[in-house]
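Written out below as structure tokens is the structure these notes cover.
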Amino acid sequence: MQQDIKPILRSIAVAYWIMFLSLVTYIVASALVVSNTDIVFIEDMQLAHIVNAILIFALIVLAPVSYLVPHKMIAAIREDISLTDKLLRYRKPLFIRFITMNTAGLLIAVGFLLTATPSLIYLQVVVMLFFIIYKPSRFKIASDLKLNEREKEQLMADY
């Protein structure tokens, strides 16, 4: 059974790190472009404030959605199925969570490219903090899936 769950756990970890590193890449790339080119696409301060407000609103919407929708999907995973099946079903809500937060990060990076507003970097930090909080560990997986003792032992083996 342990051999069945390692690839699933690995795929979850790989997806997390790809999404997290792409988020870092978005902000580093946009910061390099803004600092090295001195090109600001939206120079009108009023329009820049509107873009910033839209991005803040998008983060206010996407952050709870990235938690609530996957949480509801995780809660719907039946307890009477095998650990492998639970992990396979757990992977999809995590991907949705990662993609939602990654989308928020991409929008913020594009907004920073357009407006060169330094406060958007702080929003990106908030998104990265959500990513760090959402980092899947074996303990978090066991807690989210409400695993029994036998399943916890299987999950924690070779940890």
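Summing -39500 (n - 2.57) over the DSSP H runs of n ≥ 4 in the chain and dividing by its residue number, what mean residue ellipticity at 222 nm do you reach, to the nearest 500 deg cm²/dmol?
Details: 6 runs with 131 residues, N = 159.
Only helices count here, giving -28500 deg cm²/dmol.
Among L83, M101, L32, which residue has its Cα furthest toward the positive end of the charge dipole of the chain, with +1 on Lys/Arg Cβ and -1 on Asp/Glu Cβ? My answer, from the dipole projection, is L83. Distance between the 7 Å Cα→Cβ label points at V110 and V33: 1.1 nm.
In this simple spin-label model, placing a label point 7 Å from the Cα along the Cα-to-Cβ direction at both S119 and V65 gives a separation of 2.3 nm.
About the Cα centre of the chain, what is the dipole size in debye to 20, counting +1 per Lys and Arg Cβ and -1 per Asp and Glu Cβ, all else neutral?
On the way: 15 positive and 12 negative charges, 114 e Å.
Result for the chain is approximately 540 debye, rounded to the nearest 20.
Relative to the present Cα-Cα distance, how much length would full extension add between M45 and F95 at 0.36 nm per residue of separation?
On the way: separation 50, 0.36 × 50 = 18.00 nm, distance 3.64 nm.
My answer for the length gained is 14.4 nm.
Counting only whole DSSP H helices of the chain, the ones at least 18 Å long by C-alpha along their axis and with mean Kyte-Doolittle hydropathy no lower than 1.6 are 45-75, 119-133. State whether the stretch 41-137 is rounded, prolate or oblate according to the following rule on the C-alpha gyration tensor (a ≥ b ≥ c being the square roots of its eigenvalues): a/c under 1.5 gives rounded; otherwise a/b larger than b/c gives prolate, and the remaining case gives oblate. Verdict is prolate for the stretch 41-137.
Using a simple spin-label model with pseudo-atoms 7 Å out from Cα toward Cβ, E79 and A15 lie 2.4 nm apart.
With a ≥ b ≥ c taken as the square roots of the eigenvalues of the C-alpha gyration tensor of the stretch 1-86, please select rounded if a/c is under 1.5 and otherwise prolate if a/b is larger than b/c or oblate if it is not? Before the final figure, lay out each step's value.
Numbers: a/c = 8.73, a/b = 2.02, b/c = 4.32.
Oblate, since a/c reaches 1.5 and b/c is not below a/b.
Could you work out how far the C-alpha centroid of the stretch 64-85 sits from that of the stretch 119-159, in angstrom? The stretch 64-85 and the stretch 119-159 have Cα centres separated by 13 Å.
Rule-based calculations on the coordinates, nothing more; no lab input. What you see is a predicted model, and the numbers here were worked out from it, not measured in a lab. When we count neighbours, we look across all protein chains shown, and the Cβ atoms used for this are built from the backbone with ideal geometry, even at glycine.
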